[in-house]
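Here's the structure, in structure tokens; my notes come after.
The values are calculated or read from the model by the stated rules, or taken from the named source; none is laboratory data. These figures come from a predicted structure and were not determined experimentally. Cβ coordinates were reconstructed from backbone atoms using ideal geometry, including for glycine residues, and neighbour counts include every protein chain displayed.
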């Protein structure tokens, strides 16, 4: 359903409120007080671009764009330092190559530098001294095959193409690390199940529904936990643990959990602030 100017809606499952302004701006706010203000993108009429993000304490960051629609500056109050982004690759003009922090009265400070391969994939992140912090590699299908962390530990990935009842795409089929960890992932898309086997041969199972919500999990010892969700709000309604204990959850109109019923029949209750989406009163079971 289309959101008309001056209207909006709240998504309990995501904890986000969406409002559309009379002048075409959109405001998205989260339960924890963060909000994002979007404006029309002059380069893509069907899209909105982020103009400002802030919190309930009036802290905010403003985003500025160049005539090509690229973010060039992020700043708060005028007297504070700002962040500026630079684009230097002719072959990939939308790839950020350097980020500087600019001060009112001192020289700019280089924060990060980024390098890319010929296809435009990020393959290196460097600090202000030129030290390599992160390293990445990709295969011919543009899937990441390597991620190396600052300490030198490498994480490696293998991929396979899968088609299922809900979508199709590349999924990780194998993962190992320099320290010896190994995992094999076997996807059964028709059943919405993935089996994860580690280097010692232990296997765990994850099952999900059409909305990609986990409905069952079986650990390496064969213990099964199941989950029950609401259809529209995507809220967790209940859980059954491996011992057969049943948990039940009750929510208010805004999607805040108000009651937790444990397997022994005890009830924990929570009352929420009607505006700030923060708990006001909590009563233990």
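Brief remarks on what is shown
One line per residue, one yes/no per condition, for (1) at pLDDT 90 or above; (2) touching a strand residue (DSSP E or B) at 6+ places or on another chain (Cβ under 8 Å); (3) assigned by TED's automatic domain parsing to the domain that holds residue 10; (4) loosely packed, with under 13 Cβ neighbours inside 10 Å:
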| residue | (1), (2), (3), (4) |
| --- | --- |
| 249 | yes, yes, no, no |
| 254 | no, yes, no, no |
| 269 | yes, yes, no, no |
| 282 | yes, yes, no, yes |
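- Test for residue 259: is it free of Cβ contacts under 8 Å to residues at least 24 places away in the same chain, part of a loop (DSSP other than H, G, I, E, B) and either out of contact with any helix residue (DSSP H, G or I) (no Cβ under 7 Å at 6 or more places or on another chain) or assigned by TED's automatic domain parsing to the domain that holds residue 17 (or both): no
- For residue 62, the criteria (1) modelled with pLDDT of 95 or more; (2) assigned to a loop (DSSP other than H, G, I, E, B); (3) in contact with a strand residue (DSSP E or B) (Cβ under 6 Å, 6 or more places away or on another chain) hold in every case but one, which is (2).
- The stretch 31-47: number of residues that are within 19 Å of the chain's Cα centre (by Cα) and assigned to a strand (DSSP E or B): 4
Listed here are the residues, each with its yes/no results for (1) part of a loop (DSSP other than H, G, I, E, B); (2) at pLDDT below 95; (3) under 22 Å from the mean Cα position of the chain (by Cα); (4) exposed (fewer than 14 other Cβ atoms within 10 Å of the Cβ).
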position	(1), (2), (3), (4)
195	no, no, no, no
205	no, no, no, no
215	no, no, yes, no
222	yes, no, no, yes
232	yes, yes, yes, yes
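- Spans of strands (runs of 3 or more DSSP E) in the stretch 97-138 with at least 2 residues at pLDDT 95 or above, within 23 Å of the chain's Cα centre (by Cα) and over 21 Å from residue 74 (Cα atoms): 122-126, 132-138
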